[in-house]
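The values are calculated or read from the model by the stated rules, or taken from the named source; none is laboratory data. What you see is a predicted model, and the numbers here were worked out from it, not measured in a lab. FYI the Cβ positions are ideal-geometry reconstructions off the backbone, even for glycines, and counts take in every protein chain you see. Surface accessibility is based on the protein's heavy atoms, side chains included, excluding ligands, DNA and RNA. Shrake-Rupley method; radii C 1.70, N 1.55, O 1.52, S 1.80 Å.
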Amino acid sequence: MADQTFRLFIAGEWVEPSKGGYAVVNPATEQVVAEAPEAGVDQVNDAVAAARDAFPAWSRRTPEERGALLHRLADAFERRIPELAPLVQAETGATMRVAKTLQVTQCAVRFRRYADLAKENHDIPLPPSVMPNTALAKGGLIGALAARQPVGVVACITPYNFPLTNMAGKVAPALAMGNTVVVKPAPQDPLAVLKFAEAVEEAGLPPGVFNVVTGSGADAGQALVEADIDMVSFTGSTPVGQRIAESAGRGMKRLLLELGGKGAAIVFDDGDLAGAVAGIGSTWSFHSGQICTAPTRVIAHRSVHDQLVEKLAAYAGHLKVGDPLADDTVVGPVISQVQRERVESLLEAGRQDGAEFAVGGERPDLETGYYVAPTLLTGVTNDMRVAQDEFFGPVVVVETFDDEDEAIALANGTAFGLYDYVWTADAVRGYRVARQLRSGNVGINTVQRNHEAPFGGFKMSGVGRDGGVFGLHAYSELQSIVWPS
Ligand code: NAD
């Protein structure tokens, strides 16, 4: 792969980067996967201009035409899966199970979902209303429609954990609704997204409808947010989201912000402990905890605390850490040396604050790779940084509660509000607690998803909703059209 050339995709052309290239590193081997293009600010602006030029014609296409083109794009992408799966695996360090399923096939699923949804009519008919005579106009029976219009040029800025899937979750609904896009993938793993543009070309999307720019630092993303765009759809960390919101606010650009999380997992005394352990254990076993929705913060009823910790420790202790290409590996590396250092320094803060390491705490003894051992911290209280800050790594912390109100207060006691979980045998209690959690999503006795449900955050976890038809509507503006009958 190291000899492959990657270029920017702007206005339907493959463009040499004006600032050269930078190395994309395999997090397991620490070898260079390939050079990624370093776009200049002028090239970011070129991509935005191309998207602006393409917008009128693309937005006027019928929804059926757009849907058909998105299905062709999904077909062209699927033909590339044998090439893209190893590439995205190498640049993300994901285990093969994660690479093949969530990194790749979900991308096609998302394009097909929005290709189909594009064909439905999403306008909202309103009943006619009898309006009185006013100084403004004659009264009568007045009809109205809330029509959904595309927003315009959308900047799609994505994080490193699932480069193709995150990109698809933005680009598919944005294009289906009639917007045009400029994609800016994460610096750590942009290669498969650049390759994805080959499928865009093959499917015959008009030039400028889909553009990709990449860069090693914040410059390309920052330039994109400041450019002549109409909306920023951003998934990433809360501090970067805040910066984007400040900048976008000046130009009144529309925002969809999917930010960080610190998922609470409340386990009641009647909860299914085996189910809770499997769910909470996904923080270790699924993509090394690099998932915003992970149930990383256990809030255990005092009566089941010891038993739960024992089971969690046994679970974590059996997970094989190492080469993501090996069939029996469950925990691969985190994305980079920088990310491992972030996780390790937060663990050190936990040590200083008096948290106990029930499992983990040492760097795994492997020759290469940015590995963090599955770690379980007990004796944690909400005033500790390990209870408040996001690890984005394979670390679970455990707190204790005595009654329901305390559990809810602890769960709500962080700046985040993305995804919480409740384990209880009492359905009424599960529902009652869910309704009091200040969180965009709540799983009761499961970490499973429903992809048609709205997805997004309360508080510092974001603004707006992805998911199902809500994701499509996020890329629209409502326009009222009014007429006399
Ligand atoms: P990050 O915020 O560091 O980077 C995300 C993207 O923003 C990258 O493409 C980056 O280059 C770009 N960027 C950085 N500075 C910028 C700036 N000033 N202007 C514009 N763009 C800029 O996040 P990350 O480390 O890639 O991903 C991890 C974070 O993402 C975690 O906080 C995680 O919770 C969050 N995340 C959230 C969701 C969700 O759906 N809520 C999903 C996945 C990840």
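Quick one: which of Gln290, Gln339, Gln352, Gln307 is open to solvent by less than 40 Å² (accessible area, probe 1.4 Å), among the polar types (S, T, N, Q) and free of Cβ contacts under 8 Å to residues at least 60 places away in the same chain?
Gln339
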For this session: Can you give me the number of residues within segment 1-28 that are open to solvent by 60 Å² or more (accessible area, probe 1.4 Å), touching an Asp or Glu at 6+ places or on another chain (Cβ under 9 Å) and either of a type in the set (Val, Ile, Thr) or modelled with pLDDT of 95 or more (or both)?
Result: 5
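Kindly check whether there is at least one residue in segment 205-215 that is without any contact (Cβ under 8 Å) to a residue 40 or more places away in the chain and open to solvent by 10 Å² or more (accessible area, probe 1.4 Å).
No: zero hits.
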For this session: Could you list, in sequence order, all residues of segment 374-392 that are in contact with a Phe, Trp or Tyr (Cβ under 9 Å, 6 or more places away or on another chain) and more than 16 Å from the ligand (Cβ to nearest atom)?
Result: Pro374, Thr375, Leu376, Leu377, Thr378
Problem set entry | Filter result (within 7 Å of the ligand (Cβ to nearest atom) and open to solvent by less than 40 Å² (accessible area, probe 1.4 Å)) within segment 231-240 | Phe234, Thr235, Gly236, Thr238
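If we scan segment 180-187, do we find a residue that is within 10 Å of the ligand (Cβ to nearest atom) and part of a helix (DSSP H, G or I)?
no
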Exercise. Based on what the data block shows, is Ala90 buried (at least 22 other Cβ atoms within 10 Å of the Cβ) and either within 15 Å of the ligand (Cβ to nearest atom) or within 25 Å of Ala245 (Cα to Cα) (or both)?
Worked result: no
For this session: Quickly run through segment 246-257 and pick out the residues that are within 14 Å of the ligand (Cβ to nearest atom) and either under 29 Å from Val304 (Cα atoms) or outside any loop (DSSP other than H, G, I, E, B) (or both).
Result: Glu246, Ser247, Ala248, Gly249, Arg250, Leu255, Leu256, Leu257
Exercise. Limited to segment 188-225, what total is found for residues that are under 22 Å from Lys253 (Cβ atoms) and either of a type in the set (Ser, Thr, Tyr) or near the ligand (Cβ under 8 Å from one of its atoms) (or both)?
Worked result: 9
For this session: Might you let me know whether segment 474-482 holds any residue that is in contact with a Cys (Cβ under 8 Å, 6 or more places away or on another chain), aromatic (Phe, Trp, Tyr) and open to solvent by less than 70 Å² (accessible area, probe 1.4 Å)?
Result: no
Exercise. Could you give every pair whose Cβ atoms fall below 6 Å, whose first residue belongs to segment 78-103 and is touching a residue at least 40 places away in the same chain (Cβ under 8 Å), and whose second residue is small (Gly, Ala, Ser) and part of a loop (DSSP other than H, G, I, E, B), counting only separations of at least 6 or pairs across chains?
Worked result: Gly93/Ala28; Gly93/Gly332; Thr95/Gly332; Gln103/Ala94
For this session: Go through segment 417-470 and give me each residue that's under 20 Å from Ile280 (Cβ atoms), part of a loop (DSSP other than H, G, I, E, B), open to solvent by less than 70 Å² (accessible area, probe 1.4 Å) and of a type in the set (A, V, I, L, M).
Result: Leu418, Leu437, Val447
Exercise. Restricting attention to segment 258-270, does a residue exist that is assigned to a helix (DSSP H, G or I) and modelled with pLDDT of 95 or more?
Worked result: no
Seminar exercise, completed: Of His122, His71, the only residue that is of a type outside the set (D, E, K, R), open to solvent by less than 60 Å² (accessible area, probe 1.4 Å) and part of a loop (DSSP other than H, G, I, E, B) is His122
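So that you can scan it fast, the table gives a plain yes or no per residue for (1) within 24 Å of Glu91 (Cα to Cα); (2) part of a helix (DSSP H, G or I); (3) among the aromatic types (Phe, Trp, Tyr):
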residue: Leu346; (1), (2), (3): no, yes, no
residue: Phe357; (1), (2), (3): no, no, yes
residue: Asp365; (1), (2), (3): yes, no, no
residue: Tyr370; (1), (2), (3): yes, no, yes
residue: Leu376; (1), (2), (3): no, no, no
For this session: Identify all residues within segment 450-482 that are small (Gly, Ala, Ser) and more than 10 Å from the ligand (Cβ to nearest atom); write none if there are none.
Result: Ala453, Gly464, Gly468, Gly471, Ala474, Ser476, Ser480
Exercise. Looking at Ala387, is it out of contact with any strand residue (DSSP E or B) (no Cβ under 8 Å at 6 or more places or on another chain) and either assigned to a loop (DSSP other than H, G, I, E, B) or under 23 Å from Gly281 (Cβ atoms) (or both)?
Worked result: no
Exercise. Just one of the numbered conditions (1) more than 9 Å from the ligand (Cβ to nearest atom); (2) among the charged types (D, E, K, R); (3) not in a loop (DSSP other than H, G, I, E, B) is not true of Asp228; which one?
Worked result: (3)
For this session: Restrict the check to segment 153-172 and report whether at least one residue is assigned to a helix (DSSP H, G or I), among the aromatic types (Phe, Trp, Tyr), within 16 Å of the ligand (Cβ to nearest atom) and under 25 Å from Gln89 (Cα atoms).
Result: no
